[in-house]
Amino acid sequence: MSHVWRPLYVVLGIVAAILIARFFVVPPQFGVWERGYMYGWHNKAAETWWANFRVGYKGREYCKDCHPDNYNKIMASPHKIIECEDCHGPAIGHPDNPPKLEIIKSRLLCLRCHTKLPYPTSLRSQLPGFLNPDEHNPGIECVSCHDPHSPVLGGK
Amino acid sequence: MSLERRQFLKIMGTTAAGAGMLGAFRFLEKGEATQILGSGNPNQKWVFLVNTYNCVGCGMCVRACKLENEIPYNAPVSRTWVERYVELNSGKVLADSPMAARDGFTADNPMGKTVNPADITKAFFVPKLCNQCEKPPCVQNCPVGATFSTKEGIVLVDRTWCIGCGYCIMSCPYGVRFFHPVYHVAEKCTWCYHRITKGLKPACVFACPFGARQIGNPQDLNDPVTKTIATQRVAVLKDEYGTKPQVFYLGLDRIVR
């Protein structure tokens with residue numbers, strides 16, 4: 001009779017081996033919660049990993065103590081809706097590393113908002129801007145005349 | 001085939017031992033997992049509101065997202081992007097999103113074409129990002145359980161566990177997922193999970209000067225975003241897929257895909 005049962009033992013052995021392997025391979029924090037096996041997978045370790053990802057953008061309150069002039073200037077201008085780090089890049093590590101944040105002087109930075117696009121149902125068409133920016137002092141950086149922290153010429 | 005009593009008992013014993021072993025190595029069951037994982041804050045969920053009327057297509061959100069989440073800046077992939085839709089009087093729709101609108105829209109050249117402003121019926125910008133579906137097909141499809149929903153409804157990917165098969169990328173109706181060019185695993189928008197869990201706004205919401213992107217807590221009825229979704233006429237993308245997306249749009253149009 002034993003030759004009849006032998007395959008069963010082999011199968012049981014394989015099942016046991018897989019279960020033992022799984023015990024070591026599957027991280028202990030894998031699980032499933034109330035939502036069940038379709039959408040309820042969970043992995044606490046990965047959740048913690050993502051929660052601990054480094055924060056790059058610090059917000060203008062982080063800038064204001066060392067750069068009060070620029071902070072106060074922009075907060076009094078129509079550009080106050082723009083965060084410092086939008087143009088200067090994330091402040092992570094600054095001022096240790098990098099000691100200076102980038103200052104983009106390209107016209108293209110300004111034209112992100114100030115190319116006038118005739119799109120009637122979009123706020124874009126209501127922003128001050130140029131339909132043909134190339135006709136407005138071509139080849140000169142916008143910052144030659146306009147201070148981005150206080151952009152309107154001749155005061156606010 | 002006759003079975004002797006001794007043999008029968010032996011088989012039963014082996015089976016019982018096997019069952020016992022199964023018990024020792026089984027997966028965390030529903031209740032147990034909740035106990036171990038912690039239930040989190042039951043009053044915290046996340047919902048996203050996009051006001052397309054306010055989007056000017058500056059692309060600051062995309063730039064901020066790429067820099068915040070360390071997505072290679074010059075790679076043609078992005079966790080979020082802004083689409084431009086231009087519908088002409090002829091009924092033709094021009095839609096584009098060059099480099100995910102990382103550098104904004106600085107010229108009136110939808111799909112590289114010159115358009116006469118008089119020919120435009122309507123034109124607007126639509127920011128896109130992960131919908132953090134309540135029924136995420138990407139979670140359902142992952143063969144190794146590398147992607148999952150958190151209690152607050154954010155879908156995350158375990159980079160150490162993803163095998164890079166790409167099923168989730170294929171299954172997302174919104175085309176949100178892509179392969180991370182450095183880690184070679186599935187990558188997706190997390191609504192900046194590391195920021196919202198610390199009380200900060202996602203990088204794209206933070207970077208938007210016009211309030212076109214907002215995030216809120218649908219469990220909190222006094223939350224302005226929740227109030228807007230409850231009282232205004234909002235729409236979601238591809239409702240027919242039954243994924244229950246959690247990004248709500250003000251000013252969505254039938255030409256938006």
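The values are calculated or read from the model by the stated rules, or taken from the named source; none is laboratory data. Computed from a predicted model, the values in this text were never measured in an experiment. Please note: Cβ atoms are built from the backbone with ideal geometry, for glycine as well, and neighbour counts cover all protein chains shown.
Some notes on this structure:
- In this structure, A:Y62 does not qualify as more than 11 Å from chain B (Cβ to nearest Cβ), part of a helix (DSSP H, G or I) and in contact with a Lys or Arg (Cβ under 7 Å, 6 or more places away or on another chain).
- Taken over region B:146-183, the criterion of being more than 14 Å from the chain's Cα centre (by Cα) and under 22 Å from A:N52 (Cβ atoms) is satisfied by B:A146, B:K151, B:D158, B:R159, B:T160, B:W161, B:C162, B:H180, B:V182, B:Y183.
- Odd one out for A:E83 among (1) out of contact with any His (no Cβ under 6 Å at 6 or more places or on another chain); (2) within 30 Å of B:K135 (Cα to Cα): (2)
- A single member of B:K188, B:K244, B:K201 is in contact with a Lys or Arg (Cβ under 9 Å, 6 or more places away or on another chain), within 12 Å of another protein chain (Cβ to nearest Cβ) and free of Cβ contacts under 8 Å to residues at least 40 places away in the same chain, and it is B:K201.
- Residue check for B:P173: assigned to a loop (DSSP other than H, G, I, E, B) and modelled with pLDDT under 95: no
- Of all the residues in region A:80-121, those that are closer than 22 Å to B:P202 by Cβ and either in a loop (DSSP other than H, G, I, E, B) or in contact (Cβ under 8 Å) with a residue 60 or more places away in the chain (or both) number 10.
- Residue that is nearest to A:P28 (Cα to Cα) [pool: residues in region B:15-64 that are among the hydroxyl-bearing types (S, T, Y) and modelled with pLDDT of 90 or more]: B:T52
- Every residue from region A:135-156 that is loosely packed, with under 12 Cβ neighbours inside 10 Å and over 23 Å from A:K80 (Cα atoms): A:E135, A:P138, A:G139, A:I140
- Qualifying positions in region B:177-193 - buried (at least 21 other Cβ atoms within 10 Å of the Cβ), outside any loop (DSSP other than H, G, I, E, B) and not small (G, A, S): B:E187, B:Y193
- Taking (1) at the interface with another protein chain (Cβ under 9 Å from one of its Cβ atoms); (2) hydroxyl-bearing (S, T, Y); (3) closer than 30 Å to A:K116 by Cβ in turn, B:T114 satisfies each apart from (1).
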